[in-house]
Amino acid sequence: MSDELEHKHEVEVKQREGRQKLPDDVKDILKEGGMMDEKGKLKLKGVSPKMLKKMKQEYVECPVLKSDIHFVQCFVCKNFQSRVMGKVLCKGDPL
Ligand code: SF4
C-alpha cells in the first residue's frame, strides 16, 4: 500500500474578484467548530491573515455538490484532504 492519500477528485481552486459571502449554514458549522467567532471573523488554525484574505476570493466547482463552493467551505468539508499546487484533493464521498 502506498502512503498517498486516497482521493477521487482533484478539484482546481479558482478565484473571483472581491469577497464572497459564506452561506449561513456554513457559518454555523464554522462557529460550532470554533473556526469563526460570534462576529463572523474566521479563525482557521495555521492560516495567516494574508492567506485568509486570498482564501475568501477562492472557490471550487465541487464535483460532489455539483455547484460552486466557497473555498473556506471546501477547506472544512469532510471530503477535503489537502491542497496541492492549486488543487484540492477531494475524497468524493456523498455529502
Ligand atoms: S472537499 Fe467537499 S467541498 Fe471540496 S470539492 Fe470535495 S466535496 Fe466539494
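Taken together, the values in this text are just the output of simple stated rules run on the coordinates, not laboratory data. Everything numeric in this text was worked out from a predicted model, so none of it was measured. Please note: Cβ atoms are built from the backbone with ideal geometry, for glycine as well, and neighbour counts cover all protein chains shown.
Of note:
- Using the Karplus relation 6.51 cos²θ - 1.76 cosθ + 1.60 with θ = phi - 60°, the per-residue 3J(HN,Hα) values for the range 45-51 come to 4, x, 10, 6, x, 5, 5 Hz, with x marking Gly and Pro.
- Of the cross-linked pairs Lys8/Lys39; Lys50/Lys78; Lys8/Lys50; Lys14/Lys41; Lys8/Lys41, those separated by over 28 Å at the C-alpha level are Lys8/Lys39; Lys8/Lys50; Lys8/Lys41.
- If R0 is 30 Å, the Cβ-Cβ spacing of Gln57 and Lys91 corresponds to a FRET efficiency of close to 0.75.
- Straight Cα distances below 16 angstrom link Lys87 to the aspartates and glutamates Glu4, Glu6, Glu10, Glu12, Glu58, Glu61, Asp68, with same-chain residues fewer than 8 positions distant left out.
- Using the average count of surrounding beta-carbon atoms within 10 Å as a protection proxy, the listed peptides 30-40, 79-89 rank, highest first, as 79-89, 30-40.
- The 3J(HN,Hα) values that the Karplus relation (6.51, -1.76, 1.60; θ = phi - 60°) gives for the range 52-64 are, in residue order, 4, 4, 5, 4, 5, 9, 9, 8, 10, 8, 5, x, 8 Hz. Gly and Pro appear as x.
- Each peptide among 45-52, 9-16, 59-66 gets the average number of other Cβ atoms lying within 10 Å of its residues, and from highest to lowest they stand as 59-66, 9-16, 45-52.
- Those aspartates and glutamates that a straight Cα-Cα span of less than 12 Å connects to Lys54, excepting residues fewer than 8 apart in one chain: Glu17
- Sequence-distant contacts, meaning Cα pairs under 8 Å at least 6 residues apart, place the relative contact order of the range 1-85 at 32 percent.
- Counting every alpha-carbon pair across the range 1-90, the share separated by more than 23 Å comes to 22%.
- Taking other C-beta atoms within 10 Å as the exposure proxy, Ile69, Ile29 rank Ile29, Ile69 from fewest upward.
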